[in-house]
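One structure is given here, and the rest of the page talks about it.
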Amino acid sequence: MTEFTVVAPGGAQQLSEAPVWCARSRRLWWVDVVRARLNSLAPSSGALEAFDLPGKAAGCCVLRAAGGLAVALDDALHAFEPGAGALDHLVAP
């Protein structure tokens, strides 16, 4: 059985949701809904990253077949490229 220690990058999370494992990057991704923040953890190294997103809230994140993630924010759905930290608008509700 694999055991995990739960950690929070950049301090406490307010409302963590939508965890998704990326086998390609070997990272766990999740959003802090209230802080509109995208977080990731590389369990092998313990490296944590946090990306502050525009908007008032983040709903979820999912992996994209083309690479990167799609992130639902309060105003629209965006593509996120972790290597560049780039956020591109995909569609508005």
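The values are calculated or read from the model by the stated rules, or taken from the named source; none is laboratory data. Keep in mind it's a predicted model, so treat the numbers as computed, not measured. Quick reminder, even Gly has a Cβ in these numbers, built from the backbone with ideal geometry, and neighbours come from all protein chains shown. Note: areas computed on protein heavy atoms with side chains; ligands, DNA, RNA excluded. Shrake-Rupley method; radii C 1.70, N 1.55, O 1.52, S 1.80 Å.
Under a 1.4 Å probe, what is the accessible area of the chain per residue, stated in Å²?
60 Å²
I'd like to compare 48-55, 19-26: which one has the highest average count of other Cβ atoms within 10 Å, and what's the full order after that?
Listed from highest to lowest mean packing, they are 48-55, 19-26.
In terms of modelled amide H atoms, which long-range or inter-chain residues lie less than 5 Å from the amide H of ARG64?
LEU69, ALA70
Quick one: what are the phi-derived ³J(HN,Hα) couplings along the range 49-56, Karplus 6.51/-1.76/1.60 with θ = phi - 60°, whole Hz, x for glycine and proline?
Once θ is set to phi - 60°, the couplings for the range 49-56 become 9, 9, 10, 6, 9, x, x, 8 Hz.
Roughly speaking, to the nearest percent, how much of the chain's 1.4 Å accessible area is carbon and sulfur?
Roughly 57 percent of what the probe reaches on the chain is carbon or sulfur.
Using the Karplus equation 6.51 cos²θ - 1.76 cosθ + 1.60 (θ = phi - 60°), what ³J(HN,Hα) coupling, rounded to whole Hz, does each residue of the range 29-34 give in order, writing x for Gly and Pro?
My calculation for the range 29-34 gives 10, 7, 10, 9, 4, 5 Hz in order.
List every residue whose amide H lies under 5 Å from the amide H of ARG35, counting only residues 5 or more places away in sequence or on a different chain, with H placed 1.01 Å from N in the peptide plane.
For ARG35, whose amide H was placed from the backbone, the distant partners under 5 Å are GLN14, LEU15.
State the answer as a single residue: which of ALA58, VAL20, VAL91 lies farthest towards the positive end of the charge dipole of the chain, with beta carbon charges of +1 for Lys and Arg and -1 for Asp and Glu, about the Cα centre.
Of ALA58, VAL20, VAL91, it is VAL20.
To one decimal place, what orientation-averaged projected area in nm² is obtained for the convex hull of the Cα set of the chain?
6.3 nm²
Under a plain spin-label model, where a point goes 7 Å from the Cα along Cα-to-Cβ, how far apart in nm are ASP88 and VAL20?
Those two pseudo-labels are separated by 1.6 nm.
Give the peptides 37-47, 76-86 in descending order of average Cβ contacts within 10 Å, highest first.
Ranked from most to least packed, the peptides come out as 37-47, 76-86.
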